[in-house]
Structures are given as C-alpha cells and as structure tokens.
Amino acid sequence: MKAVILAAGRGTRLQPLTNTVPKCLVQVHGKSMLQYQLESLASAGVHECIIVVGYLGGQVKREIGTKFGPVHITYITNEVFGSTNNIYSLWLASEQLCDDILLIEGDLIFDPLLLWDLSLSHHSDLAVVDTFKPSMDGTVILPEGSFAKSMILKSQQPDEFQYEHALKTVNIYSFCQQTMEKQFLPVIDDFVAQGFINEFYEAAIAELVAHQNL
C-alpha cells in the first residue's frame, strides 16, 4: 500500500501561520502536522509515500527529505497550485497511484491507530467520517448502513439541507488497486480533460458513489 498526501495549497484559513510556512509544516505541540502523519504511516507499516507540494514546497522537501524513518518519500510539485484545486494535485500523481492507496490531506492530525483500522478492514474502499456537528463544514456522506448512499459537496448543499443523518468526511480515504485503476483515476482524468481543474477530488468520488461504483 502507498500513501499520497496532498499538501499543495496555501492554507489561507491558517493565516498568519501560513504566511511563511506551508500548512503541512505548521506545528502542533512541537511537531508539524506532516510529521505526525508520516509517523502514523510508519506505525501502520506503510513504507511508500507521495507528497504533492506547491506553495512553499521547497520547505517541505528540505524539512522532510526523501526518507522519514522507514517511509520512502517521492515529491510531485503542482506548479499552478494558486489556480487549481486538489483534484489537479491528485491527477498529477496519477501515474504512481496504480496500487492500494491511502489518500490523506496534509493539514490533518489523527490517532495513528486509525490507519491500522483502515488496513485491517475487510472493505476495500473506505472513507473516514464523523458524526456531523453544527461547527462542521464541507462534504458529507448520507449513509445506508455502513455504505455511502450519496456524497454531497458543500456547493451542492442548499440552505434547507437536512444534516441529521449526515456524516462528515475528514479527508482520509483508502482505495484498492482495482478501484484506483479502473474507476477513480479514469474519472479524475475526465474531470481534468474537461478543464475542471479547480474542483475538489470529492467530486470524482461523489460521481462514483452516485453510479454505485463505490
């Protein structure tokens, strides 16, 4: 299994902390968020990681290097991070994603055991979610048992949207190799080919869920 960490964005919501450092290197209790993530990957036995950088990406490369403990790191640079969104960053890494993949955004801190849970699950394609709370914002999943019935991006949620049964995505996913090769990556290719490079990658997942391909 490989991990891909998307860390190209400016992190404007963390300003002024991100005025001089990329958001993945913002420190929490003395360690950067990226360091917490790489430690979690190592603990879960993941030894390959692709990091997509953009804004102040050189700092990430200098700080982390190409090896973090047992984790070998490859960097991909989104040169147009200011005018694209994370679907484009993921697409840039697509040639290296024909594998079982952990997809993580670079501004998260989580319990390291979470990645163990993902690796041990008997389900092949998983989204980590939380019960929706009023303080939350963004993409949600409407479940049917333990499966996603629909995935709804923030832009598709009207003012009268009913959140009582919604689950909030927390931007950690795992996909098996077959899903990546046959379903997810082709949809991302289509989005980029049509010029939708300023979308969230969740738009591609939502399309797969809507067609019952996940």
Proximal aspartates and glutamates to LYS133, defined as alpha-carbon separation beneath 14 angstrom and excluding residues fewer than eight positions away on the same chain: GLU164
Counting only heavy atoms of protein chains, what accessible area per residue, in Å², does region 80-185 have with a probe of 1.4 Å? 54
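Determine the calculated [θ] at 222 nm for the chain from helices alone, applying -39500 (n - 2.57) to every DSSP H run no shorter than 4 residues and normalising by the residue count; nearest 500 deg cm²/dmol. Provide the component values of the computation, followed by the final result.
Details: 6 runs with 52 residues, N = 214.
It lands at -7000 deg cm²/dmol.
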Using protein chains only and a probe of 1.4 angstrom, how many square angstrom of HIS123 are accessible, to the nearest 10? 70
Restricting region 92-170 to GluC sites (Glu not before Pro) in coil, as DSSP defines it, with at most 11 other Cβ within 10 Å: GLU160, GLU164
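Label region 120-194 by shape, choosing from rounded, prolate and oblate, from the square roots a ≥ b ≥ c of the eigenvalues of the Cα gyration tensor; if a/c is under 1.5 it is rounded, and otherwise prolate applies when a/b is larger than b/c, oblate when it is not.
oblate
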Counting sequence-distant residues (5 or more places) and residues on other chains, those with an amide H built under 5 Å from that of LYS149 are LEU142, GLU144
Enumerate by residue number the chymotrypsin sites (Phe, Trp or Tyr not before Pro) in region 145-175 meeting two conditions: DSSP loop (anything except H, G, I, E, B), and at most 11 other Cβ atoms within 10 Å of the site's Cβ. PHE161
Can you give the accessible area of HIS165 in Å² (nearest 10), computed on protein heavy atoms with a 1.4 Å probe? 130
Return the percentage of antiparallel bridges among DSSP beta bridges fully within the chain, rounded to the nearest 5 %. 55
The chain: spread of alpha-carbon positions along the three principal axes, whole Å, largest first, is 44, 37, 37
Which one of LEU34, CYS98, SER119 has its Cα pushed farthest toward the positive end of the charge dipole of region 31-128, where Lys and Arg give +1 and Asp and Glu give -1 at the Cβ? LEU34
Measure off, as a whole percent, the carbon and sulfur share of the 1.4 Å-probe accessible area of the chain, all protein chains present. 50
Going through LYS31/LYS67; LYS61/LYS182; LYS2/LYS67 one by one, the pairs whose alpha carbons sit over 22 Å apart turn out to be LYS61/LYS182
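The values are calculated or read from the model by the stated rules, or taken from the named source; none is laboratory data. What you are looking at is a predicted structure, and each value in this text was computed from that prediction instead of being measured. Positions of Cβ are backbone-derived with ideal geometry, glycine not excepted, and every protein chain shown enters the neighbour counts. In case anyone asks, the SASA skips ligands and DNA or RNA and just uses the protein heavy atoms, side chains included. Shrake-Rupley method; radii C 1.70, N 1.55, O 1.52, S 1.80 Å.
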